[in-house]
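So the structure is just underneath, and the comments pick up after that.
The values are calculated or read from the model by the stated rules, or taken from the named source; none is laboratory data. Computed from a predicted structure; not experimentally measured. Note: ideal-geometry Cβ built from the backbone for every residue, glycine included; neighbour counts use all protein chains shown. When the accessible area is computed, the model is the full protein with side chains, heavy atoms only, and any ligands, DNA or RNA have been set aside. Shrake-Rupley method; radii C 1.70, N 1.55, O 1.52, S 1.80 Å.
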Amino acid sequence: MHRFARRSLLAAALLPAVMLVSGCGKPESSAPAATPKLRVGFAQIGAESDWRKANSDSIKREAEKRGIELVFSDAQQKQENQNKALRNFIAQKVDVIAFSPVVETGWEPVLKEIKAAGIPVVLTDRAVDVSDDSLFVTFIGADFVEEGRQAALWLAEATGGKATIVELQGTPGSAPAIDRKKGFEEVLATKPDMKIIKSQSGEFTRAKGREVMETFLKSPEGASITALYAHNDDMAIGAIEAIKEAGRTPGKDIVIVSIDAVKAAFEAMVAGDLNCTVECNPLLGPQLFDAVEAIAAKKPVERRIVTPAKVYTQKTAAEDVKTRVY
Ligand code: GYE
């Protein structure tokens, strides 16, 4: 028989079965059951920065692309809300729980409840400080200490190792605030003429970054400031406004280095206001769901998945800004 004829015969033979499955709502019991959709609960921190918004978009987009049912919750920067969301995911019996912990400590009780319910946990972006390593499967995110080191090394180079620095820290108690400070100070310990004279949290937001920078500039030491280290771009951008308002020139009188490398930072570098940003990639969706699918398929997953960092400066900003998607 001609191979096309054979194929159409086969198709005709299959037709009733296909009609049975698709034609009358419910499949016949003899038909193979469709694999149930994976259900993943994701407890996000909030929407405090451009980085966070790009991170949430990446996670939502990737879940949709893979046909994974995502239960997404936004904690508005509160640990209490994240705890509630996590307990809610237990009640909903999701297959995997993922979250970015707003602060490092205080997660043991809820993580133990999740473990008792037999639900695997994936940490993304920020780490937790727990004594029992079996409370999560993997942690996907950047090395924040290294980002802090990179920022300090760049600043040392740009200022010839001489700077009177103010620091805008991230959310108090959060992994990036703790580690970005640690990495930066590690390098400063080897630079006797670089000193942090003031350091305060700007909570990773533009509004708070601006407000705190204003108080730094108005303080008795305000006129001596020659550099700003901001733990994220949003706070640096807020601070730039405060610096301009105080009649000083950001990017010149006050050299500014921050972290994240979001599009607005490239725009600020093109304008000459920001000098340098260290990249922290927020597009964690693909890596997160690779891990989730591996866990669901009972395949091994790496304990620590590190996303790489890169230093960007004004030199290439005009080109870089064209291709930045977030
Ligand atoms: O740098 C900041 C955000 O945890 C790496 O959180 C993240 C940080 C990021 O709000 O912009």
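Quick check on region 33-63: of everything there that is open to solvent by 10 Å² or more (accessible area, probe 1.4 Å) and closer than 20 Å to Lys93 by Cα, which residue is farthest from the ligand (Cβ to nearest atom)?
Within region 33-63, the match that is farthest from the ligand (Cβ to nearest atom) is Ala34.
Tell me yes or no: at least one residue of region 267-275 is away from the ligand (no atom under 14 Å from the Cβ), within 17 Å of Leu168 (Cα to Cα) and touching a Phe, Trp or Tyr at 6+ places or on another chain (Cβ under 6 Å).
no
May I ask you to list pairs of residues, at least six apart or on different chains, whose Cβ atoms are under 9 Å apart, with the first in region 273-300 being among the basic types (Lys, Arg) and the second being away from the ligand (no atom under 16 Å from the Cβ)?
Final answer for the pair search is Lys299/Glu293.
Just to check your reading of the model, which residue among Asp260, Asp253, Asp273 is of a type in the set (D, E, K, R), in the same structural domain as Asn232 (by TED's automatic domain parsing) and open to solvent by less than 10 Å² (accessible area, probe 1.4 Å)?
Asp260
Out of Asp273, Asp260, Asp253, I need the residue that is of a type outside the set (S, T, N, Q) and in contact with a Cys (Cβ under 7 Å, 6 or more places away or on another chain). Which one?
Asp260
If a residue counts only when it is over 26 Å from the mean Cα position of the chain (by Cα) and modelled with pLDDT of 95 or more, which helices (runs of 4 or more DSSP H) contained entirely in region 155-260 have at least 2 such residues?
The qualifying helices (runs of 4 or more DSSP H) are 206-218, 233-245.
Can you tell me which residue among Glu245, Glu221, Glu211 is within 13 Å of Leu168 (Cβ to Cβ) and open to solvent by 10 Å² or more (accessible area, probe 1.4 Å)?
Just one listed residue meets the conditions, Glu211.
I need the full set of residues from region 64-93 which are within 13 Å of the ligand (Cβ to nearest atom) and either open to solvent by 70 Å² or more (accessible area, probe 1.4 Å) or in contact with an Asp or Glu (Cβ under 8 Å, 6 or more places away or on another chain) (or both), in order please.
Asp74, Gln76, Gln77 - these are the residues of region 64-93 that are within 13 Å of the ligand (Cβ to nearest atom) and either open to solvent by 70 Å² or more (accessible area, probe 1.4 Å) or in contact with an Asp or Glu (Cβ under 8 Å, 6 or more places away or on another chain) (or both).
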